[in-house]
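Q: Here it is, the structure in full.
The values are calculated or read from the model by the stated rules, or taken from the named source; none is laboratory data. If you're wondering where the values come from, they're calculated on a predicted model, not measured in any experiment. Cβ sites come from the backbone with ideal geometry, for glycine too, and all protein chains shown count toward neighbours. The area values use the complete protein model at the heavy-atom level, side chains included, leaving out ligands, DNA and RNA. Shrake-Rupley method; radii C 1.70, N 1.55, O 1.52, S 1.80 Å.
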Amino acid sequence: DYARLRSEQRLVVDFDAFPRALVGLLRACDGAGGNKDVYCMLESTEASSSSVLSIVETNAFNQFTHVALKFKPASDRAAKRILAGLLLDAKERERELQRFETLYRESQDALEISRSKSLEVQMKYAEASARGKREILDELEHARERFEQEKR
């Protein structure tokens, strides 16, 4: 457990911050930050079938280990339980993805319907506007013709 690991290796980081701190150390191992003095070392022994992942830093004075994590093979039962959990998670994500795809298609269909209705409304407005303009022009033409006749 973490309390034992923290005590054995004199870690100052608490449980909640440990994953983020470990990722920071692992990133330092890849040398991307320009730090070539931090590296990862994996030691395994066949006799005990366990491994130790150590994150080590070298300076001008000495080498020191930031953290050493011991790994042992999982039992068949534990491995199956973990894999079953991962499979269930993957299936749930697949169902969520299918739901999102369905919602996306439905929203695209609704958007297309709205666009077509909007175009219909615009066309009706344009037709009504053109009809109104024609009626006004016809009335003006009739008024001009009456005025011409009255003028004679």
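Q: Send over a whole-number figure in Å² for the accessible area per residue of the chain, probe 1.4 Å. Don't skip to the end; give the middle numbers.
A: Numbers: 13220 Å² over 152 residues.
Ligands and nucleic acids excluded, the figure is 87 Å² per residue.
Q: Another question, then. Charges only on Cβ, +1 for Lys and Arg, -1 for Asp and Glu: so what's the dipole of the chain about the Cα centre, in debye to the nearest 20? Before the final figure, lay out the partial values.
A: Values: 26 positive and 27 negative charges, 51 e Å.
Roughly 240 debye, rounded to the nearest 20.
Q: Between N62 and I82, how high is the FRET efficiency from 1/(1 + (r/R0)^6) when r is the Cβ-Cβ distance and R₀ = 41 Å? Nearest 0.05. Before the final figure, lay out the partial values.
A: Values: r = 38 Å, r/R0 = 0.94.
Calculated value: 0.60.
Q: Further question: Straight-line reach from K133: which lysines have a Cα under 17 Å away, not including same-chain ones fewer than 8 places off?
A: Excluding near neighbours in sequence, the set is K124.
Q: For K91, which lysines qualify as cross-link partners when the Cα separation must be under 25 Å and same-chain residues fewer than eight apart are set aside?
A: Counting by Cα, and skipping residues close in sequence, K91 has these lysines nearby: K80.
Q: Between 0 and 90 degrees, rounded to the nearest ten: what's the tilt of helix 76-151 against the longest Cα principal axis of the chain?
A: 20 degrees
Q: Here is a follow-up. Just the number, please: carbon plus sulfur as a percent of the accessible area of the stretch 13-141, 1.4 Å probe, no ligands or DNA/RNA counted. Intermediate results must be reported in sequence, preceding the final value.
A: Numbers: 6370 of 10810 Å².
That fraction is 59 percent.
Q: Placing +1 on the Cβ of each Lys and Arg and -1 on the Cβ of each Asp and Glu in the stretch 13-145, which of A90, V52, Y104 has its Cα farthest towards the positive end of the resulting dipole?
A: After comparing all options, I get V52.
Q: Quick check: residue separation of F100 and R20 times 0.36 nm, minus the Cα distance between them. What number comes out in nm? Before the final figure, lay out the partial values.
A: Details: separation 80, 0.36 × 80 = 28.80 nm, distance 3.08 nm.
Additional length available on full extension: 25.7 nm.
Q: Once the dipole of the chain is set up with Lys and Arg at +1 and Asp and Glu at -1 on Cβ about the Cα centre, which of S75, F147, M41 lies farthest towards its positive end?
A: Value computed over the given set: S75.
Q: Rounded to the nearest 500, what is the chain's calculated 222 nm mean residue ellipticity when only DSSP H runs of at least 4 contribute -39500 (n - 2.57) each, over all residues?
A: Values: 3 runs with 96 residues, N = 152.
Calculated mean residue ellipticity at 222 nm is -23000 deg cm²/dmol.
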